[in-house]
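Chemist: Just passing along the structure, written as C-alpha cells.
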Amino acid sequence: MNERTGKRNRVRSVALGTFSLNRGASALSSGWACAKVMARSEKGGKNGPEAVVRPERRGHQFDNTVSNTGSVLVVAIYSTRRVPMSRSSVALIACLVMVVPMLFGIAAGPRVHAQDATPAAMAPNTDISGTIDVGMVANPQMVALQELVNAGAFNELYPNITVNLTVLPENEIRQTITQDVTTQSGQFDVFTIGPFEVPLWAEQDWLAEVGADAAADPNYALDDVFESMTAGLTYDDGLYALPFYGESAMLFYRTDLFADAGLEMPERPTWDQVAEFAAALHSPDDVYGMCLRGLPGWGEQLAPLTTVINAFGGRWFDENWVAQLDSEESAAAIRFYIELLQNYGPPGSDQNGFTENQTLFVQGRCAMWYDATSAAELLSDPALNPDFNEQLGYAYGPSAELPTGNWLWSWNFAMAANSDAPDAALAFMLWATSRDYVDQIVAFDDGWGRAPTGARASVYDDPAYQERASDFATIVLNSINEANPNQPTVDPVPYTGGQFVRIPEFQQLGDDVSREFAAAIVGQTSVDDAIASANDLANQTAIEGLYQE
Amino acid sequence: MATSSRRRTRLTSRTKDRASPAWAVMAWAVALIAFFPVLNMVLTGFKTEVTAVSLPPQLIFWPTLENYREVLNINFLPFFRNSLIAALTSTALVMVLAIPAAYGIALRPTKQWKDVLFFFISTRFLPPAGVIVPLFIIYREAQLLGTIHGLIILYTAMNLPIAIWMLRSFFEEVPREIIDAARVDGTGPWREITQILLPMAVPGLVATAFISIIFAWNEFFFAVSLAAIGTATVPIFLVRFVTSEGFFWAKLAASSTMAVLPIVIVGWIAQRQLVRGLSMGAIK
Amino acid sequence: MAIADLGTTAGAKTGRGGWLRQTVANQPIGRLLLLPALAYAILVTQAPFLYTLWLSFERWNLNRPNLRGFTGLGNYELLLFRDPAFWQSILNTFIIVVAAVVLSMALGLFYAELVNHKFLGRGVVRTMLITPFLIMPVAAALHWKNQMLNPIYGVVNWVLSIVPGSLSPNWLGTFPEQSIIVVLVWRWAPFMMLILLAGMQSISEETREAVRVDGATAWREFRDITLPHLYRFFQLGGLLATVFIVQEIDPIYMMTKGGPGNATTTLPYLVYRKAIEGSNVGLGAATGVITVLLSIVAITLLLRALDRMLRED
C-alpha cells in the first residue's frame, strides 16, 4: 500500500525469515516424511502407520491442544490400519495436524520489534495496569494504529497494559460493537464509533464520560481538538468520545481533463455547475463525468445523498416528524442525484461506495468525485495514486440553496461504561487520540498517508503537513469548520446530523431507503416510485418509533 | 446392488471406453472455465494492486510477494490455529455423537426413526441470523462469548444432521449377514460398532469427517458474530481487507488464497472418499 | 414438528419411582444410542429457537431499550401486512433456491458425465471441477463480485467485450438474482457431481456392455442406462443441496446486500437485515420463526418424496 511501509515490512520479514528457518525446515522434513508415508500407504505398503509415529513424538514440544488432537488421530490411524482403503486419507489428516503445530512454532518465535518506533516522550507509566479489548474499524488509519501497537509503541509508555485489538471492516465491527454494547456484554473496553451513535449511546448510559479526564491532562490539549467535532460527541454537557480523525466533504476533479475541455472549476462550485461539467466531460468508454456513492447503506449512499438533500433545501422530516422525502426540494435533490449517476456515472454505480469510487478515480475513470475529505489524504499519496496524483484538483463541496451540505463525520474512541479496566482504557484512548500519536505514526510510516487528520488544529499548523497538504488543507479545514450538523437544513428539523438523521432507527430506515434508490439507479423502479416508497418507509419508522403523534 | 460389486467400483471403473480426443478437449475446456475464478484469485494475490485491476487480466506478469508479506504481518497463525481447533474438535465431537445415533437409526431402528432423522435435518433450517441475538445473550451468561468452545458447540450442532445422515447410509451398506452372524455370537452393540461396523465403513467415516471439516472451516457468520473478539478464525482474517477506505484486491486475493488453501488441499486428496461417501445411501 | 418429536422420542415413558433405571431398562438399545445426539441437538438448536420464539412476541430494538416490551403478534402483523420486502423475499427465496438446485443438478450431471470417461488428465479435470465446492463461500463471493462480475474491471465483461457488438451489463445491478444463482451453481454443481459420479460408477460395466453390443450410441447409453439409474442420486442430491442452499447467505451478504431494492433478499437474509443491520431483535426473531416454519413445510414436501425412497430400504 504505502511505499515507505513496504520497505520497513521487508526488513521485518527478512528477520522473521531467519528465525523461522530452522522450524520451517523441520516442518518441511516431517511434511516430506508424511508425504512419503501417504504415497506408500496409497500403494498398500505395510510400514505406513509406523512411519507416521515419528513426527508425533515431536508433537510434545508443541501447543498442547493441537498435539492432543494429533494423538487422537494417530490412535485413529492405528485402529483403522487393517483397512487399506483409507489409510492415506487418515494419514493425511494426521500429517496436517502434525506439520501445522511446527508452523505455529514460527509464530511463537521471538517477536521482532520495529526499530524505529518513536522513542517515548514521557517516562513509562507503570502505575496503570490491566487488559483491555479494543474494537476498531479496518480503515487505513486504524490499521496503522494496530501496527504501531504491535510494534510496541504503546507498551513503551504503559508496560503493564495489555491491549487486544480486534480490527474488522465497518459492517462487521459495527454489528459486533452494537451487539456487545446494547446487550451490555462487556467484551469491549474501548471501540471506534461515529458521531451518529455517541449521543444516543451516552443517553442510555452505555458510554463513560471522558471529557473531564481529557481536559485535566495538560499534555492532551483538549482545546486543540476541533469544536465542531466534539460538539457531535457531547451529550448533556459531557464528552463521551475522543475524535481520532475527522472529515467533511469535498469535490475532487481531474485538472487535465478540465484544461483539455477548456473548463474551469470554481473554488466553490454549485451543483448545477457540477452537472454541466459532468455532461461535458462524460465519455462512457473512457472517463465518467461524475462518481458518487450508490451502494446501499446509511453510511454509504445516504451520506452524500443526504448532504445533497440538505443543500437543495430539502429535509428528511419536518418538525412533527412527518416524512419530507417527497417534498418538492427533497425530491428534486434525490432525482438530481440519481439522474446524475444514471447519465454521467460509471456502470454499476449501485455497487459503488467509497472504496469503489476511490479505485475508479485512481484508475483515471472519474472526471469528478464528491466524497469525504479524508479521500484527499489517499488520492494525494503517490504510492496509492501513482498515475493521477499530479492531475488532482480540489474544490469545496458543491452548494445549492445552502452553501454546504453539512457533512461532518469523525471516527472516535469511546469507552464502555461497564469497562473493568477504565484507567487502562482511558490511557489507551488518550494516547491514540493525542497529538503525540500523530507524530509517532508519521515517524513510523515516514509519511502522512495514514496519519489521523481533521481532528486537531495543531496538525494544520505543522509545517511538514502544510507542505504535503498545501493543495487541500485549507479546504478541509474550512469545510469542517463550516459544517453545522446541528442545523443541517434550510427548514427546521427535529433531528440533528449532517449526512444522517440521528435516531436509532435510522440504520434500518437508511438501509431500506437506500435500497429503493439503488433500484432506481439501475432502472428497476422509477425515481418517483422510489421516492414514494422511501417516504412511506420514513413515515412508518416515525410512527413505530413513537416520534410521530 | 450387491455388496461385492460395490466394493469393486472405483473411479477407474470405465477403463474400457477411452473417450475421443474431442471429449477430452471439451472436458478440459469446461474444467478450466469452472476453475478460472480460483486460478484468477491465486494469481491476483501475486500482483500489485495496480495490475490487479488492469484488463485484460494479466496471466503473465512479474509476481510480487509484497501482498503476502503485508498479509502475514497480521500474523495469520493464531487465526489458522483457531480454525483448526474449531474444525477438528467439532468434527471429533460430531463423530462421537453421530456414530451411535446413526447406528441406532440404521441397525436398531425404533418406530419413530424416520421422525428422528427428519428432526435432525430440520435443525439445519434455523437461520443463523434469527438465533444470533438469543445465542449472544445465552453465550454472554454462559461466558462463552469470544471463546473457541462457543464455536465448537455450534459447529457440532451444525454438522451433526449431515453426519448422521451420511453415516446412516454407510451403516446400511454393511451386509446384514455379517451383523446378524455377530449378533448370533452374542456380540454387544459396543463391539458391534467398534469391531464390525467402523472398520467396514471407514471410507464413509472419512468422507463424513471431511465434509464436517469443510463446513466448519468455511463458516463465517457465527465466527464473526460470536468469536471475533478473542478467538477469530480464518474467514475473519480474510475480511480484514474488505475495508471501506482503501483498495486492496490483491491483498484480499492473497489472504483468500491462504484462507482456502488448507481445505482445498485436503479436499483434493480426499476426493475419492468424497465421491464414494456422499451418496452411499443411494446405492442400493 | 421439531418440538413434537422430542416428546415422542425422549420423554414418552417416564414413570414414578426409580424411573430412570426403569426407563433405561425399558428402552430399546436403538433409542438409547440416539439419546446423546438428540439431547445435544435439542439443547443447542431448540433452546435458542424457543428463546427466539419468545422474542418474536417482543418489541425490542437494541438501540431503543426503553421501548422494549411485549407486543403480542405485533411483529408478525408488521411483517405480513406492512412490509413489502417480506413477500418479495419469500418469492426470491423460492426462485433462487429452486433455480440453484435444479441448475446445480444439471451442471453437476454434465460434470459427472465428463469425467466418467477416460481421457488424458481426467484426474486433473476432476480435481479442478471439485475445487469451487472447497472454496470458502466468503472468499468466493468477494472474488466473484470484484474480479469476475465488476462491470468495469471484471473478467466476464472483458471476455464479452472481445465479441464485437456485445453488451457489457452491470451484472449485479441488472441481473442480480441471476448473478447470485450463477455463483451458487458454480459452488454447488461440484457437490452434485460428487454424488452423481458415485451413482454413475455404481453402474456395472456388464450393463453398459449389453447395450453397447446392441449398437447403442453414447447418447442412448446415457439416456437409457445412466439417467434412470441416477434417479435416487438426484433425490439425495436435491434434498441435501436444498437444505444447504436455503441457508446460504454469504454470497448475498458479500455481493448484493440483498439488493438492488429487495431483488436478492431471501428470507434468511431478511432475518439478517432486521435483526443485525436494523438491530430489531423482535422483528428479526419473528422473521426467523416464519423462515423456520416455511422451511419445514417445504422440506416436508421434499421428504415425502424421499420417504418413498427410504421405504424401499
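Chemist: Is it the case, given these coordinates, that A:GLY498 is crowded, with 23+ Cβ neighbours inside 10 Å and either in the same structural domain as A:ASP223 (by TED's automatic domain parsing) or over 27 Å from A:ALA311 (Cβ atoms) (or both)?
Modeler: Working: crowded, with 23+ Cβ neighbours inside 10 Å: yes; either in the same structural domain as A:ASP223 (by TED's automatic domain parsing) or over 27 Å from A:ALA311 (Cβ atoms) (or both): no.
Answer is no for this residue.
Chemist: Then there is this: One residue is enough: does the stretch B:211-223 have a residue meeting the conditions surrounded by fewer than 18 Cβ atoms within 10 Å (Cβ to Cβ), among the polar types (S, T, N, Q), free of Cβ contacts under 8 Å to residues at least 60 places away in the same chain and more than 17 Å from C:LEU33 (Cα to Cα)?
Modeler: no
Chemist: Of all residues in the stretch B:34-71, count the ones that are within 14 Å of chain A (Cβ to nearest Cβ), under 30 Å from B:GLY146 (Cβ atoms) and open to solvent by less than 50 Å² (accessible area, probe 1.4 Å).
Modeler: 4
Chemist: Another question, if that's okay. Got at least one residue in the stretch C:234-242 being aliphatic (A, V, I, L, M), over 30 Å from A:ASN352 (Cα atoms) and part of a loop (DSSP other than H, G, I, E, B)?
Modeler: Residues of the stretch C:234-242 that are aliphatic (A, V, I, L, M), as a first pass: C:236, C:239-241.
Within this subset, residues satisfying the condition of being over 30 Å from A:ASN352 (Cα atoms) are C:236, C:239-241.
Subset that is part of a loop (DSSP other than H, G, I, E, B): none.
For the stretch C:234-242, residues aliphatic (A, V, I, L, M), over 30 Å from A:ASN352 (Cα atoms) and part of a loop (DSSP other than H, G, I, E, B): absent.
Chemist: Enumerate the pairs (first residue in the stretch B:57-72 and touching a residue at least 60 places away in the same chain (Cβ under 8 Å) and under 23 Å from C:VAL155 (Cα atoms); second residue anywhere and buried (at least 20 other Cβ atoms within 10 Å of the Cβ) and charged (D, E, K, R)) with beta-carbon separation below 7 Å, excluding pairs fewer than 6 apart on the same chain, so at least 6 apart or on different chains.
Modeler: B:ASN67/B:LYS251
Chemist: Give A:GLU356, A:GLU339, A:GLU377 a once-over and let me know the one that is in the same structural domain as A:ASN486 (by TED's automatic domain parsing) and at pLDDT 95 or above. Before the answer, list the steps.
Modeler: Working: A:GLU356 fails: at pLDDT 95 or above; A:GLU377 fails: at pLDDT 95 or above.
So the residue among A:GLU356, A:GLU339, A:GLU377 that is in the same structural domain as A:ASN486 (by TED's automatic domain parsing) and at pLDDT 95 or above is A:GLU339.
Chemist: Name the residue that is nearest to A:ALA275 (Cα to Cα), counting only residues in the stretch A:363-378 that are within 11 Å of another protein chain (Cβ to nearest Cβ) and under 19 Å from the mean Cα position of the chain (by Cα).
Modeler: Out of the qualifying residues, it is A:ASP371.
Chemist: Run down A:ASP511, A:ASP536 and say which single residue is open to solvent by 20 Å² or more (accessible area, probe 1.4 Å) and either in contact with a strand residue (DSSP E or B) (Cβ under 6 Å, 6 or more places away or on another chain) or at the interface with chain C (Cβ under 10 Å from one of its Cβ atoms) (or both).
Modeler: Values: A:ASP511 fails: open to solvent by 20 Å² or more (accessible area, probe 1.4 Å).
Testing whether each residue is open to solvent by 20 Å² or more (accessible area, probe 1.4 Å) and either in contact with a strand residue (DSSP E or B) (Cβ under 6 Å, 6 or more places away or on another chain) or at the interface with chain C (Cβ under 10 Å from one of its Cβ atoms) (or both) leaves just A:ASP536.
Chemist: Restricting to the stretch C:210-236, name every residue that is within 11 Å of another protein chain (Cβ to nearest Cβ), at pLDDT below 80 and under 19 Å from C:HIS117 (Cβ atoms).
Modeler: C:ARG212, C:ALA218
Chemist: Do we find a residue being over 25 Å from A:THR453 (Cβ atoms), open to solvent by 30 Å² or more (accessible area, probe 1.4 Å) and in contact (Cβ under 8 Å) with a residue 40 or more places away in the chain anywhere in the stretch A:212-226? Break it down into steps so the answer makes sense when it comes.
Modeler: So in the stretch A:212-226, the residues over 25 Å from A:THR453 (Cβ atoms) come out as A:212, A:216.
Of the ones still in play, those that are also open to solvent by 30 Å² or more (accessible area, probe 1.4 Å) are A:212, A:216.
Narrowing the set further to residues that are in contact (Cβ under 8 Å) with a residue 40 or more places away in the chain leaves none.
Checked the stretch A:212-226: no residue is over 25 Å from A:THR453 (Cβ atoms), open to solvent by 30 Å² or more (accessible area, probe 1.4 Å) and in contact (Cβ under 8 Å) with a residue 40 or more places away in the chain.
Chemist: Looking only at the stretch A:184-200, which residues are open to solvent by less than 10 Å² (accessible area, probe 1.4 Å) and at the interface with chain C (Cβ under 9 Å from one of its Cβ atoms)?
Modeler: Within the stretch A:184-200, A:GLU197 is the sole residue that qualifies.
Chemist: Would you confirm whether any residue within the stretch A:501-514 is outside any helix (DSSP H, G or I) and under 30 Å from A:ASN385 (Cβ atoms)?
Modeler: Within the stretch A:501-514, the subset outside any helix (DSSP H, G or I) is A:501-505.
With under 30 Å from A:ASN385 (Cβ atoms) added as a condition, the list becomes none.
Scanning the stretch A:501-514 turns up no residue that is outside any helix (DSSP H, G or I) and under 30 Å from A:ASN385 (Cβ atoms).
Chemist: Going by the structure shown, is A:ALA530 crowded, with 21+ Cβ neighbours inside 10 Å, farther than 27 Å from A:LEU200 by Cβ, more than 26 Å from the chain's Cα centre (by Cα) and not polar (S, T, N, Q)?
Modeler: Numbers: crowded, with 21+ Cβ neighbours inside 10 Å: yes; farther than 27 Å from A:LEU200 by Cβ: yes; more than 26 Å from the chain's Cα centre (by Cα): yes; not polar (S, T, N, Q): yes.
Yes.
Chemist: Are any residues in the stretch C:240-264 polar (S, T, N, Q), surrounded by fewer than 24 Cβ atoms within 10 Å (Cβ to Cβ) and more than 7 Å from every other protein chain (Cβ to nearest Cβ), and if so, which ones?
Modeler: Correct list: C:THR242 only.
Chemist: Kindly evaluate A:GLY523 against the criterion of being at pLDDT below 95, of a type in the set (Gly, Ala, Ser), more than 28 Å from C:ALA275 (Cα to Cα) and not in a helix (DSSP H, G or I).
Modeler: Details: at pLDDT below 95: yes; of a type in the set (Gly, Ala, Ser): yes; more than 28 Å from C:ALA275 (Cα to Cα): yes; not in a helix (DSSP H, G or I): yes.
Yes.
Chemist: What residue, of A:ALA261, A:ALA278, is modelled with pLDDT under 95, more than 13 Å from chain C (Cβ to nearest Cβ), more than 29 Å from A:THR496 (Cβ to Cβ) and surrounded by fewer than 24 Cβ atoms within 10 Å (Cβ to Cβ)?
Modeler: Working: A:ALA278 fails: modelled with pLDDT under 95.
Sole residue among the options that is modelled with pLDDT under 95, more than 13 Å from chain C (Cβ to nearest Cβ), more than 29 Å from A:THR496 (Cβ to Cβ) and surrounded by fewer than 24 Cβ atoms within 10 Å (Cβ to Cβ): A:ALA261.
Chemist: Just one of the numbered conditions (1) open to solvent by 10 Å² or more (accessible area, probe 1.4 Å); (2) within 14 Å of chain C (Cβ to nearest Cβ) is not true of A:ASN155; which one?
Modeler: (2)
Chemist: Which of the residues belonging to the stretch A:242-286 are in a strand (DSSP E or B) and among the acidic types (Asp, Glu)?
Modeler: Let us first name the residues in the stretch A:242-286 that are in a strand (DSSP E or B), namely A:242-247, A:249-254, A:270, A:283.
Scanning the stretch A:242-286 gives a single hit, A:GLU247.
Chemist: While we're looking at this one, here's another question. Quick one: which helices (runs of 4 or more DSSP H) lie wholly within the stretch C:137-230 and hold at least 3 residues that are free of Cβ contacts under 8 Å to residues at least 12 places away in the same chain? Reasoning before the result, please.
Modeler: Values: elements: C:137-143, C:155-162, C:171-174, C:176-201, C:205-213, C:218-221.
Correct list: C:155-162, C:205-213, C:218-221.
Chemist: Among (1) under 27 Å from the mean Cα position of the chain (by Cα); (2) more than 7 Å from every other protein chain (Cβ to nearest Cβ); (3) buried (at least 16 other Cβ atoms within 10 Å of the Cβ); (4) modelled with pLDDT of 75 or more, there is one condition B:ILE74 misses while meeting the rest; what is its number?
Modeler: Failed condition: (4).
Chemist: While we're looking at this one, here's another question. Tell me yes or no: at least one residue of the stretch C:57-75 is among the aromatic types (Phe, Trp, Tyr) and in a helix (DSSP H, G or I). Spell out the reasoning first.
Modeler: The initial filter retains those residues of the stretch C:57-75 that are among the aromatic types (Phe, Trp, Tyr), namely C:57, C:60, C:70.
Then keep just the ones that are in a helix (DSSP H, G or I); that gives none.
Looking through the stretch C:57-75, none of the residues is among the aromatic types (Phe, Trp, Tyr) and in a helix (DSSP H, G or I).
Chemist: Look through the stretch B:93-142, keep the residues that are closer than 26 Å to C:TYR272 by Cα and outside any helix (DSSP H, G or I), and return whichever of them is modelled with the highest pLDDT. Before the answer, list the steps.
Modeler: Taking the stretch B:93-142 as the starting set, the residues that turn out to be closer than 26 Å to C:TYR272 by Cα are B:118-142.
If we keep only those that are outside any helix (DSSP H, G or I) as well, we get B:126-127, B:142.
Values: B:LEU126: 79, B:PRO127: 80, B:ALA142: 89.
It comes out as B:ALA142.
Chemist: While we're on this one: Among the residues of the stretch B:196-210, write down those that are more than 10 Å from every other protein chain (Cβ to nearest Cβ) and without any contact (Cβ under 8 Å) to a residue 60 or more places away in the chain. First the steps, then the outcome.
Modeler: Kept after step one, since they are more than 10 Å from every other protein chain (Cβ to nearest Cβ), are these residues of the stretch B:196-210: B:196-197, B:208.
Passing the criteria: only B:ILE196.
Quick grid of which residues meet (1) within 30 Å of C:ALA198 (Cα to Cα); (2) facing another protein chain (nearest Cβ under 7 Å); (3) modelled with pLDDT of 80 or more:
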position	(1), (2), (3)
B:ILE214	yes, yes, yes
B:GLU219	yes, no, yes
B:VAL234	no, no, yes
B:VAL242	no, yes, no
B:LYS251	no, no, yes
B:ALA270	yes, yes, yes
B:GLY281	yes, yes, no
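Chemist: Follow-up question, since we're still on this one. Of everything in the stretch A:291-348, what is open to solvent by 10 Å² or more (accessible area, probe 1.4 Å), farther than 15 Å from A:ILE521 by Cβ, of a type outside the set (A, V, I, L, M) and part of a helix (DSSP H, G or I)? Give them in sequence order.
Modeler: Listed by number, the residues that qualify are A:GLU328, A:GLU329.
Chemist: Here's a follow-up. Would a scan of the stretch A:492-501 turn up a residue that is among the hydrophobic types (A, V, I, L, M, F, W, C), under 22 Å from the mean Cα position of the chain (by Cα) and farther than 18 Å from A:GLY246 by Cα?
Modeler: Let us first name the residues in the stretch A:492-501 that are among the hydrophobic types (A, V, I, L, M, F, W, C), namely A:493, A:500-501.
Then drop every residue that is not under 22 Å from the mean Cα position of the chain (by Cα), which leaves A:500-501.
In the following step, the residues that additionally are farther than 18 Å from A:GLY246 by Cα were identified as A:501.
Checked against the condition, which is being among the hydrophobic types (A, V, I, L, M, F, W, C), under 22 Å from the mean Cα position of the chain (by Cα) and farther than 18 Å from A:GLY246 by Cα, the stretch A:492-501 yields at least one hit.
Chemist: Restricting attention to the stretch C:143-171, report how many residues are within 23 Å of the chain's Cα centre (by Cα) and open to solvent by less than 10 Å² (accessible area, probe 1.4 Å).
Modeler: 0
Chemist: What number goes with the only condition from (1) assigned to a loop (DSSP other than H, G, I, E, B); (2) loosely packed, with under 15 Cβ neighbours inside 10 Å that A:ASN481 does not pass?
Modeler: It fails just one condition, (1).
The values are calculated or read from the model by the stated rules, or taken from the named source; none is laboratory data. Note that the coordinates shown come from a computational prediction; the quantities given were computed from them, not determined experimentally. Don't worry about glycine lacking a Cβ; one is built from the backbone with ideal geometry, like all the others, and counts go over all protein chains shown. Side chains included, ligands, DNA and RNA excluded: accessible areas come from the protein's heavy atoms. Shrake-Rupley method; radii C 1.70, N 1.55, O 1.52, S 1.80 Å.
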